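Working notes, beginning with the structure itself.
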Amino acid sequence: MKINSSLIESIYNIDTEIDYSEMIKNSNDIIEIKPCYVKGSFERVNDLLVTNLDIDVKLVLASTRTLKPVDYHLIFNLDLIFGESEDSDFALTPIIDLDEIIFGHIILEKPQVIYNEGEKEFEKEKETNHVFDALKDFKF
């Protein structure tokens, strides 16, 4: 979804669905991505374009341990500032590619480690060498 920033004079509301299925074809950990729901607004404030977006997307991720599918519902808020000030997150260009920006934040927000139910209980506690047992209560 591309936004023409020059057409936004005051407040522009957005309520849309974005399909990212093509963007995950080379992904190792995202097996499937359902349509991403984006709802929020763009507001012109002086020379800035301020956004407040609610992102709602369902992912199927590969389990860290077994690579089996794990359903994961990701919901997050995205507040961005477009402009030329040092507080800006992105430069204010005539056309804003919202698809790329939101997908990048989905990648950042999704968990890096995920397990199916029951997989985590099989993790072993770290074993320490008995030679160092006397040092485990040592305080600096």
Exercise. Once the piece of chain linking Glu109 and Asp19 is laid out straight, how much longer is it, given 0.36 nm per residue of separation minus the C-alpha distance between them?
Worked result: 30.6 nm
For this session: Can you sort Phe90, Phe42 by 1.4 Å-probe accessible area, starting with the largest?
Result: Phe90, Phe42
Exercise. To the nearest 500 deg cm²/dmol, what mean residue ellipticity at 222 nm is calculated for the chain from DSSP H runs of n ≥ 4 alone, each contributing -39,500 (n - 2.57), summed and divided by the residues?
Worked result: -2500 deg cm²/dmol
Exercise. About its Cα centre, what dipole magnitude does the chain give when the only charges are +1 on Lys and Arg Cβ and -1 on Asp and Glu Cβ, stated in debye to the nearest 20?
Worked result: 520 debye
Exercise. Tilt of helix 98-109 relative to the longest C-alpha principal axis of the chain, in degrees (0 to 90, nearest 10)?
Worked result: 20 degrees
For this session: Name the residues whose placed amide hydrogens come within less than 5 Å of the amide hydrogen of Ile31, ignoring near sequence neighbours (fewer than 5 apart) on the same chain.
Result: Val60, Leu61, Ala62
For this session: Taking only the C-alpha atoms, wrap a convex hull around the chain and report its volume per residue in Å³ as a whole number.
Result: 177 Å³
For this session: State, as an integer percentage, the relative contact order of the chain based on alpha-carbon contacts under 8 Å between residues 6 or more apart.
Result: 21 percent
Seminar exercise, completed: The answer for the chain, accessible area per residue at 1.4 Å probe in Å², is 72 Å²
For this session: Work out the charge dipole of the chain with +1 on the Cβ of Lys and Arg and -1 on the Cβ of Asp and Glu about the Cα centre, then indicate which of Tyr20, Thr93, Met1 is farthest towards its positive end.
Result: Tyr20
Exercise. When we measure straight from the Cα of Lys2, which aspartates and glutamates land under 14 angstrom away, once same-chain ones fewer than 8 places off are left out?
Worked result: Asp15, Glu17, Asp19, Asp97, Asp99, Glu100
Seminar exercise, completed: Of Arg65, Arg44, ordered by accessible area with the largest first and a 1.4 Å probe, the sequence is Arg65, Arg44
Exercise. Which percent of the accessible heavy-atom area of the range 1-104 goes to carbon and sulfur, probe 1.4 angstrom?
Worked result: 48 percent
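The values are calculated or read from the model by the stated rules, or taken from the named source; none is laboratory data. Given the structure is predicted, the values throughout are model-derived calculations rather than measurements. We place every Cβ from the backbone using ideal geometry, glycine too, and count neighbours over all the protein chains shown. Areas reflect the complete protein model, heavy atoms only, side chains present, ligands, DNA and RNA absent. Shrake-Rupley method; radii C 1.70, N 1.55, O 1.52, S 1.80 Å.
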